[in-house]
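Here's the structure we're looking at; comments come further down.
The numbers here are math on the coordinates, done by the rules we state, and not lab data. This structure is a prediction, so every number in the text was calculated from the model and none was measured. In this analysis, Cβ positions are derived from the backbone assuming ideal geometry, glycine residues included, and neighbour counts consider all displayed protein chains.
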Ligand code: CMP
């Protein structure tokens, strides 16, 4: 079994579509083994997205990720990282495949509804960023 970190971004929580996004996740066979709603500070968001520091869109990500609450989740499946990235669709919803979460719900590249880890190393770092082992029921 593999784990990945998922974030339902402020554009999702503000539009009351947490359940709809979770339907996509569960229908794809990904199991939600941890989940909580939190509010990120600019410092939290900057640290989480540290790899993007210095890029032109960095200030905008921090602004969008702190605009409201987020739902952070740990998802589990045999190939969770790739399985989640497949159902999320491309980062830019304009080019995401039909039926993906981002094609269905995202507003723009920086209000793209969900985040998912992109490698086993980032999944480990990102899960540890938000969760203690006691909060994960896998
Ligand atoms: P996410 O998977 O959360 O990782 C970084 C986020 O930066 C990305 O989704 C987008 O929401 C946001 N972003 C904004 N502009 C860009 C861009 N030009 N390229 C990649 N990511 C971008």
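Within segment 48-57, being in contact with a helix residue (DSSP H, G or I) (Cβ under 9 Å, 6 or more places away or on another chain) and touching a residue at least 12 places away in the same chain (Cβ under 8 Å) holds for 48, 49.
Of everything listed in (1) in a helix (DSSP H, G or I); (2) within 16 Å of residue 32 (Cβ to Cβ); (3) within 12 Å of the ligand (Cβ to nearest atom), the single unmet condition for residue 115 is (1).
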